[in-house]
1. Between ASN120 and ASP180, what FRET efficiency follows from the Cβ-Cβ distance if R0 is 22 Å, with the result rounded to 0.05?
2. What accessible surface, in Å², does a 1.4 Å probe find on PHE324, ignoring ligands, DNA and RNA and rounding to the nearest 10?
3. Segment 170-274: which chymotrypsin sites (Phe, Trp or Tyr not before Pro) are DSSP loop and have at most 10 other beta-carbon atoms within 10 angstrom?
4. Heavy atoms only, probe 1.4 Å: what % of the accessible area of segment 79-199 goes to carbon and sulfur, would you let me know?
5. Given a 1.4 Å probe, how much area per residue of the chain is accessible, in Å²?
6. Rounded to the nearest 0.05, what FRET efficiency do ARG37 and ASN173 have when you use their Cβ-Cβ distance and R0 = 41 Å?
7. From the P(r) of the chain, can you give the percent of Cα pairs sitting at distances over 36 Å?
8. Taking the Cα centre of the chain as the origin and placing charges on Cβ (Lys, Arg +1; Asp, Glu -1), which of TYR340, TRP160, VAL183 is farthest toward the positive end of the dipole?
Amino acid sequence: MKTLISLMMFITLSVCLEVNESCITPCNAPGKCVPVRNCEHARKIIQKPNATYRDSQYLVESRCGTMSGSRPIPLICCPNLLNPDRCGALDFANRILGGEVTEIGEHPWAALLIYDLGGNRFSPKCGGSLLNSRYVLTAAHCIRDVPKKWKLHRVRLSEWNTISKENCTTVNNEQICRKDFEVEKIIVHPNYDLKVRNKQHDITLLKLATEVVFDKYVRPICLPLDDTIGEMPIDDEDFTVTGWGQTETEFRSAVQLHVDLVGRNNEVCDEAFAIANISLADTHICVGGEKGKDSCKGDSGGPLMRLVHGVWYQVGVVSFGSRFCGSENFPGIYTNVAKYLNWIEDTVNESHCETSEEDY
């Protein structure tokens, strides 16, 4: 540890930034110039019992300045989770169960998780949301609480009609095609336990094997990184869920739907689900409870969204609800994304250089 820090102290700097200025890490990721002690990513590298030459080179090349004082403190470019440009942008004028048909591209971050069911059978069973060019957010139970023979096969973006055998469709003389991505890594929240009745920590990140190229029909949703978004009230506020789950008349909707729901105080869900001995934590969000309007089977892992100043933010992940979807006074329960931003950032940062090792 002392060796790595000493090496950083004496390296000659070509750029000298101030504390908290924006910077770029050696792996071309956005970052903030901060003291080493304030960078969890750097501390983990320094605390490795067997730090490698590559580790030391990364720290050296991460130097971005020195904080003056009685004893100079090295500053390091710490990878910083940022929302991609134009995330959550609303390109449509129009602003599940009881839901409306979603226009193609209306929610371009919506993802489908395609499973290998065995016997050369493949089927979408859960939803997800695109966060950036490499990561998709979904529910932990979509990985841990499925039949053992099911294997997550790929993630599909730019989907609309799931039963169509054609990979591309033409709308207004424009060809729109499905885009499938293999999954390089599955990161289930370490504290998720499928035996816990309230499904706390029901959240998972999927790292895609290749970069996603954004366009009109494939674009990430914004995370509530700004505290003013993450701390907005829930009760009596408007939210939207999108997915391809069960509807009033079908086991699975062929086309993507969305439904508008109203937020509730968590105590409403506590009362509704007391019969099942389920109570919520602040890591949950309680939404819905209107008869005939709900997320349902197959929507799991999909995004609970709120529109703020014309931009869509993901505030929840579809987790669970009543066995009979859309039952009056039985809201749906969602994982509160704002409570997991640190985990998301740490997880993304841990592997942000994995595809660029040769660069340093």
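1. Working: r = 16 Å, r/R0 = 0.74.
It comes out at approximately 0.85.
2. 140
3. Sparse-neighbourhood loop chymotrypsin sites (Phe, Trp or Tyr not before Pro): PHE251.
4. 46
5. Details: 17830 Å² over 360 residues.
That works out to 50 Å² for each residue.
6. Step by step, r from the Cβ atoms, then E = 0.10.
7. Working: 17549 of 64620 pairs.
Distances greater than 36 Å cover 27 percent of the Cα pairs.
8. Farthest towards the positive pole: VAL183.
The values are calculated or read from the model by the stated rules, or taken from the named source; none is laboratory data. Bear in mind the structure is a predicted one, so any value in this text is a computation, not a measurement. Using ideal geometry, Cβ is built from the backbone for each residue, glycine included, and neighbour counts are taken over all protein chains shown. Accessible surface areas use protein heavy atoms only, side chains included; no ligands, DNA or RNA. Shrake-Rupley method; radii C 1.70, N 1.55, O 1.52, S 1.80 Å.
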